Each structure stands twice: as C-alpha cells, then as structure tokens.
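To keep things clear, I will list the structure first and then write my remarks on it.
The values are calculated or read from the model by the stated rules, or taken from the named source; none is laboratory data. These numbers come from a predicted model, not from an experiment. Don't worry about glycine lacking a Cβ; one is built from the backbone with ideal geometry, like all the others, and counts go over all protein chains shown. Heads up: the accessible areas ignore ligands, DNA and RNA and are worked out on the full protein's heavy atoms, side chains in. Shrake-Rupley method; radii C 1.70, N 1.55, O 1.52, S 1.80 Å.
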Amino acid sequence: MDAKDILGLQKTSFPSAQEKKPRAPKEPQRKPDGVSREVYALTGGVGMAPLMPTIEASHLKRRPAVEKEKVAWQWLPFTSSARTDNLQLYHWVRVVNNVPPTGDYDFAKYNTKVDVLKYTDEEYEKYLTEPTWSREETDQLFELCQRFDLRFIVIADRFPTARSVEDLKSRYYSVTRALLIARARSFDEVAGNPLVKETFNAAHETERKRALSALFSQTKQQERKDAEVLAEAKRIMESRAANKLKVYLRTHALDQMVQAVTASAGIRMIKRVDQTLQDLGVNLKPKVPTKAVCAEHLELRNEILTLLNIQKQLQNKEAEVLANRESSFTEAPTTPKRSNRDIDRPFVPDMAGFGGERAVKRDHKRKWMILGDFNLIRSPADRSKPGGDANNMLLLHSAIQALDLVEIPLKSISYTWSNMQDNPLLEKLDWIFTSANWTISLPDTIALSMARITSDNNPMH
C-alpha cells in the first residue's frame with residue numbers, strides 16, 4: 001500500500017530508469033594543442049577559431065628555391081686609369097654567372113699625384129733667391145719632385161750634384177712656403193696650411209737620424225744600462241710628483257711648530273729669541289716656507305733658545321760665586337772658613353722655566369752618555385712625511401734642557417726607524433746624548449749607523 005491507495009488515486013505506470021532511450025554516442029574530439037582545458041570547455045569544441053596560422057612542420061625544413069650562382073675564376077685583361085701608355089695587363093678575376101666585372105681597376109684610386117707648385121722668373125727673383133742654391137739646381141729639384149712624387153730618397157739619388165736628403169727637403173719646403181705666402185691675399189688665408197704652420201728643420205732631422213742610428217747600433221749591455229737609467233729617472237719624477245703638494249707649509253702650521261719649540265720658555269725669552277733673529281738678519285717667518293727651510297728655521301730657534309739659557313745659567317753661576325766670595329770676607333773671625341768643597345759645589349740652576357720641577361743635583365765633572373730608542377722626534381724634520389705630535393716634541397725638548405744634554409750627531413743616515421711598508425714612513429727615534437763634560441773632554445765623538453737586518457731600527461755604534 002502506498003499513498004495513492006490511501007487517497008484512492010489511479011495508479012499510472014512510469015518508465016523505469018532502465019527503459020530510458022539510449023542517447024546517440026558523441027564522436028570524441030581531441031583538444032587542440034596549446035588550448036587550456038577550461039577555454040576548450042567554454043567553447044564546446046565547436047567553431048574554435050585558430051589562435052595562430054598553422055604551418056606544417058615539413059614546410060619549415062624545406063629550403064627556398066634559389067638559383068645557384070656559377071662562380072669561376074678567369075684570366076682576363078684589365079685597364080687602369082692610372083696609366084697613360086695603354087699597356088695591356090691581365091689578372092685573375094672572379095666571374096659570376098659568366099658575367100665579367102666591369103669598371104676601373106680597383107687599385108687605380110691609390111695613384112695620387114702631388115701638386116707641386118710652379119714659379120715664374122719674377123717670383124723667383126723676388127721671393128726665392130738663396131745664396132747656396134742656383135736657379136738651375138732649384139729647377140732640377142722641382143722637376144724631380146714632380147716626376148717622383150716627393151720621394152726624396154729617389155730624388156737624392158737622381159740629383160746631379162751631391163746634396164743630402166735634408167738639404168733637398170729644406171729647399172723644397174722653403175720655396176713652397178714662400179710661394180704660398182706670397183700668392184695669398186693675407187697671411188690668415190694660408191695660416192692653417194701645414195707647410196706654412198710647421199717649418200722644416202734640417203738640423204733637427206739630421207740629429208734625429210743620428211740618434212736613431214746610435215740607438216740601432218746599441219749593444220744589449222747598453223740597452224740594459226739605458227733601461228736602468230730611465231727607470232731611476234721615472235722613480236725620481238714620481239717621488240717629486242708625490243711630494244710636490246707636501247713641500248710648502250701653511251702659516252698656521254708653521255706658527256704651531258714655533259709655539260711647540262718655544263712653549264717651554266716664557267714670553268720674555270721668546271721676545272729675546274725674536275730679537276736675536278732680527279739682529280742676525282733672519283726673518284721671523286721664512287719667506288719661502290718649504291719643508292726644509294722650516295726645519296732649519298726651527299732648528300735655529302732651538303739653538304738660540306739653548307744659547308740664551310746657557311748664558312742665563314752662566315750669569316747665575318757667576319753671581320753665586322761672587323756672593324760666596326763676598327760672604328767669606330764678611331764672616332766673623334771665629335767663624336770657620338768654608339772649605340773648597342763647599343765653595344766649588346755643583347751648581348744646579350732653576351729649571352722651572354722649562355716646564356718641569358727642579359732637576360736633581362748632579363755632578364758636572366762626570367762624563368756619561370745616554371742612548372737608545374726614545375720613540376720620540378725633536379722636530380718635524382725628523383719625519384719623512386708631515387705630522388708628528390707637537391706635545392711630545394715639547395716634552396723631549398724640556399727634558400733635554402732640564403738635564404743639560406748634548407746631542408751626539410749621527411752620521412750617514414737621517415732616519416733610524418721605518419714602518420717597513422711599500423711607501424714607508426721614516427723617523428729618527430734613536431738618539432745619543434752626553435753630558436757637557438763629555439763634549440768638552442771628547443769633542444770628536446760621533447755616532448755611526450749600521451745596516452738594518454731584522455729589526456725596524458738601525459743599530460748605532
């Protein structure tokens with residue numbers, strides 16, 4: 001029983017799913033290459049327009065039909081416009097399809113002629129006369145120049161008199177230059193002509209050939225020697241070019257160096273140094289402040305300052321000796337006399353003016369020496385390159401003056417240390433100082449430098 005039986009409806013029969021009419025099978029269609037599946041489904045595969053013109057692959061490998069050229073080489077006659085004697089010559093020619101080439105000879109365009117100027121009798125007498133050349137020789141020269149196209153080697157061989165190639169060139173170019181200038185309305189009209197702009201120098205041409213002949217006749221040993229000289233000259237020029245911009249010092253830099261040298265002295269001492277320079281006729285500032293001049297100027301200031309300090313110490317010493325003598329006469333009779341040891345005690349000057357404390361008392365009669373690597377420079381001249389700490393220079397000068405040190409000069413070299421680089425920095429860091437008594441007793445003491453082997457400092461002895 002179903003719903004129709006309950007409602008009393010008539011039952012109708014429907015075809016079952018198995019009784020459905022079969023559909024006609026569709027012919028399978030292949031999706032074209034290069035078309036995505038979605039696009040092909042949208043078009044239904046019917047009426048699909050081609051995306052690009054299709055060409056069969058077999059047509060791509062097929063070569064176009066081109067007629068082959070028939071190339072052959074043939075022995076054919078030719079004519080050249082460079083010749084005027086109608087001489088018949090032959091050569092091999094590439095012939096294509098039995099059609100020989102036509103036209104002028106290919107190399108005829110290289111047959112250029114030199115335009116040799118002609119002169120009249122009036123022009124020769126007015127512009128071209130030369131004591132060492134006659135009219136006949138000049139006419140022969142220009143005739144040969146026209147005939148052999150300025151091939152002066154051939155012209156010199158055919159010239160009737162003994163003339164060098166340089167003489168022939170000088171005469172030809174001087175005559176041509178004079179004619180061009182004489183025939184021009186103004187000099188500016190021919191100023192750009194090479195014959196007018198550049199005159200021929202026979203002496204220079206002779207010297208050039210002589211030097212060239214000497215160069216060709218050199219031996220291997222002479223060539224090596226010349227190469228070494230040129231390499232050394234190149235090195236010197238490069239060194240000068242590298243130091244060219246570092247030679248001159250600015251006024252501000254010079255003032256700083258002067259202040260560094262005289263900073264340990266007072267204002268009065270600096271004025272005395274300036275006055276001494278003026279008395280000696282030396283400018284307070286160098287007129288040409290090169291590196292070498294400034295170094296010498298600073299060295300002179302340093303020596304004057306040392307001299308003034310020594311004079312001051314001498315005055316103090318004399319005043320002390322005089323005071324001791326006067327006091328010895330004014331003492332009471334019961335007072336024991338001073339011993340010679342007390343009178344001749346060593347004098348220790350007041351070194352407060354040198355920027356330090358009082359120096360320790362020391363015996364001036366002893367001879368002693370101090371030497372080694374101080375790792376300090378005294379002035380900018382002790383460096384191969386600009387720079388240096390002015391404060392360190394000042395400290396070294398103060399120590400030298402406070403201890404009354406005397407420098408022993410170092411011979412043979414200017415610098416004792418190198419940083420061992422390709423473009424090295426050289427400095428004088430090793431010093432030898434002695435006492436004043438040493439210098440008085442042994443005035444010929446000098447220091448010599450030895451070869452540097454492993455260390456970056458030069459040993460001294």
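Overview of values
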item	result
Residue check for THR120: under 30 Å from PHE200 (Cα atoms) and at pLDDT 90 or above	yes
Search result, residues across the range 107-127 that are more than 13 Å from ASP139 (Cα to Cα) and of a type outside the set (Asp, Glu)	PHE107, ALA108, LYS109, TYR110, ASN111, THR112, LYS113, VAL114, LYS126, TYR127
Residue, nearest to SER384 (Cα to Cα), within the range 440-461, restricted to residues that are open to solvent by 50 Å² or more (accessible area, probe 1.4 Å), in contact (Cβ under 8 Å) with a residue 12 or more places away in the chain and outside any loop (DSSP other than H, G, I, E, B)	LEU448
Among residues of the range 130-181, those that are part of a loop (DSSP other than H, G, I, E, B) and either touching a helix residue (DSSP H, G or I) at 6+ places or on another chain (Cβ under 8 Å) or open to solvent by less than 60 Å² (accessible area, probe 1.4 Å) (or both), counted	8
Failed item in (1) hydroxyl-bearing (Ser, Thr, Tyr); (2) farther than 30 Å from LYS70 by Cβ; (3) open to solvent by less than 80 Å² (accessible area, probe 1.4 Å), with TYR127 passing the rest	(3)
Any hit, the range 360-381, residues being assigned to a helix (DSSP H, G or I) and at pLDDT 80 or above	yes
Among residues of the range 80-106, those that are under 30 Å from ASP149 (Cα atoms), out of contact with any strand residue (DSSP E or B) (no Cβ under 8 Å at 6 or more places or on another chain) and of a type outside the set (D, E, K, R), counted	7
Test: residue in the range 334-349 that is modelled with pLDDT under 65, in contact with a Lys or Arg (Cβ under 7 Å, 6 or more places away or on another chain), surrounded by fewer than 11 Cβ atoms within 10 Å (Cβ to Cβ) and not basic (Lys, Arg)	yes
Conditions (1) in contact with a strand residue (DSSP E or B) (Cβ under 9 Å, 6 or more places away or on another chain); (2) part of a helix (DSSP H, G or I); number of the one not met by GLU123	(1)
Single match in ARG272, ARG301 (criterion: in contact (Cβ under 8 Å) with a residue 12 or more places away in the chain, basic (Lys, Arg) and open to solvent by less than 100 Å² (accessible area, probe 1.4 Å))	ARG301
Candidate set from the range 418-439 (those that are more than 17 Å from LEU376 (Cα to Cα) and within 31 Å of the chain's Cα centre (by Cα)); member that is surrounded by the most Cβ atoms within 10 Å (Cβ to Cβ)	PRO424
